[in-house]
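I'd like to ask some things about the structure below.
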Amino acid sequence: MERIPILRIGNMLLVSIQVDLQDHTALMLQDDLSNRIVETGAKGVLIDISALEIVDSFIGRMISTTAAVSRVLDAETVVVGMQPAVAITLVELGLTLSGVRTALDVDRGIRLLSRGIDDRARGGDVIRDDYLAE
């Protein structure tokens, strides 16, 4: 069974999905990621889906559920690298990925998470969208 690597970058975890996800791999990733959040005390999760050409309803729900689990464990989630065809498919499927912030690339995603984590540390509780307006 293939596992998706989870890398630690400071107080964030980076998941770069480089293969089309099968349902069992997606579920393993969800479990592995929640365990790593607890182990490391990560405050942010960056999920890079730039290599995914297809996202079905199960994978879309898995991303949304992963973000919800991360929030419960005190970590924000940002999804980066979504291809236009994937975004169109998610909209057509009616999936809204509630609670999931998106950014065009890993660099912008890291900046979004870093600023949101800093704000939360100062007493705020939301990652604002205007961080990407640079």
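Derivation of every value follows stated rules applied to the coordinates shown; laboratory data play no part. Here the structure is a predicted model, which means the values were calculated and not measured. We place every Cβ from the backbone using ideal geometry, glycine too, and count neighbours over all the protein chains shown.
What whole-number value in cubic angstrom gives the convex hull volume per residue for the C-alpha atoms of the range 6-132?
95
Right, something else. Once phi is turned into θ = phi - 60°, what whole-Hz ³J(HN,Hα) does the Karplus curve with 6.51, -1.76 and 1.60 give for every residue of the range 14-24, x standing for Gly and Pro?
Going residue by residue, I get 10, 10, 10, 8, 9, 10, 5, 7, 8, 4, 5 Hz, with x marking Gly and Pro.
Note down the magnitude of the dipole of the chain about its Cα centre, charges +1 on Lys and Arg C-beta and -1 on Asp and Glu C-beta and zero elsewhere, to the nearest 20 debye.
It comes to approximately 420 debye.
Build a GNM of the chain with springs between Cα atoms under 10 Å: which of Val80, Val38, Val91 gets the top mean-square fluctuation?
Val91
For the chain, what relative contact order do you get, as a whole percent, if you take Cα pairs closer than 8 Å and at least 6 residues apart?
Rounded, it is 21 percent for the chain.
Under 5 Å between amide H atoms, partner at least 5 residues away or on a different chain: which partners does Leu14 have, H built in plane at 1.01 Å?
Long-range HN contacts for Leu14: Leu7, Arg8, Ile9, Leu46.
Now for a different question. Check Val79: other-chain or 5+ apart residues with amide H under 5 Å from its amide H, H built from backbone geometry?
HN-HN under 5 Å from Val79: Ile47, Arg101, Thr102, Ala103.
If you take every DSSP beta bridge whose two residues both sit in the range 6-132, what share of them, in percent to the nearest 5, is antiparallel?
If we restrict to bridges inside the range 6-132, about 25 percent are antiparallel.
So in the range 1-67, what percent of DSSP beta bridges are antiparallel if you round to the nearest 5? Present the calculation step by step, with values, prior to reporting the outcome.
Working: 4 of 9 bridges.
DSSP beta bridges in the range 1-67 are roughly 45 percent antiparallel.
How do 93-100, 47-54 rank on mean C-beta neighbours within 10 Å, highest first?
Order by mean packing, descending: 47-54, 93-100.
OK, next. Per DSSP H run of at least 4 residues, take -39500 (n - 2.57); add these up for the chain, divide by its residues and hand me the 222 nm value, nearest 500 deg cm²/dmol.
-14500 deg cm²/dmol
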